[in-house]
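Chemist: Got a structure for you, written out below as structure tokens; questions coming shortly.
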Amino acid sequence: MVNHRFPMSIDKVTPNSHGQQKVCSTMSNQPVDPQVRKRRQPTILVVEDEAFLRSLLQVSLEKEGYHVLTASDGLQAMRVFTDQAVDLILLDVLMPNMSGFEVCAEIRKRSDVPIVMLTALNSADDTVQGFETGADDFISKPFTFKEVNARLQAILRRIAWARDQPSFMIMKHGDIVLNDDEHTVTAHDEPVHLTPIEYQLLHFLMSNPNRPISKEVLFKEVWGYDFTGGTNLVEVAMRRLREKIERDPSAPEYLLTVRGAGYKFATPDAKPSRAVSSQQG
């Protein structure tokens, strides 16, 4: 039985050769602060078929003050999501009956809630598939709870910042229009559905038109934290964004690659400008 007064913390989750998860944990001798429980904290839905890991994630997140809902498979996750208000979903990929990819795709049909996927599948194709179904971020196994919490906090800070900012801005460059008040995007007079991370990426680039921005700066500014493999996520997100707003993604007009510098959003009246370096970010 999990001790909720003195919760365990996750040291590392490691998939073994059979795809099962080995969880190393330690017992904390610090009870949950009652004041933490009183504060209104975001609701996290944890979807994980391995019961021990699901319980450890729940207890560790509750220790940080989050309100946690859990589901043991994709079908249960859809029921919980339908019945409860959720601020963020922590979603395992490899589950029976309904995979994390399938759950993500179904949720994206009705909501832009942030989705962070937990995966032992570390190939580029898996990352692409996750972004195609609408994931905002990935955490590869093995992972530590410190890493999980840092990712969740970064996403929730980004959401809170966007919500609290005055948003009476409409940006229009050529055939691309971003309405920050309505949180909508149109390309070539057609509405475009973007995931939250795609919207933030386009917003940042359009806010700095014609300025080359490094992948490292894009990851730090859009995803909200530093991560060694973050540039790969930027590349996949940029590919998806081009597919949605460019007439010909293989010959983009707006989302251009600047060799050796990163990416930029080009406008018809483009003028030379200096790159945004990591020191500026």
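Chemist: Among 211-218, 238-245, 190-197, how do they line up by average Cβ neighbours within 10 Å per residue, starting with the highest?
Modeler: Averaged packing, sorted descending, gives the order 211-218, 238-245, 190-197.
Chemist: While we're on this one: What distance in nm lies between label points placed 7 Å from Cα along the C-beta direction at T267 and R79?
Modeler: With each label placed 7 Å out from Cα toward Cβ, I get 5.2 nm.
Chemist: Here is a further query. Under the 0.36 nm per residue contour assumption, what length would be gained going from the current alpha-carbon distance of D181 and K109 to full extension?
Modeler: 23.8 nm
Chemist: For every other residue with a beta carbon closer than 10 angstrom to the beta carbon of T133, add +1 if it is Lys or Arg and -1 if Asp or Glu, then tell me the sum.
Modeler: Result for the local shell: -2.
Chemist: Pairs to check: K63/K109; K109/K215; K146/K264; K244/K264. Give those whose C-alpha atoms are more than 23 Å from each other in this structure.
Modeler: Too far apart for the 23 Å limit: K63/K109; K109/K215; K146/K264.
No lab work stands behind these numbers, since they all come straight from the coordinates. In this text the structure is predicted, and so the values were computed from the model without any measurement. Ideal geometry is used to build each Cβ from the backbone, glycine not excepted, and the neighbour counts take in all protein chains shown.
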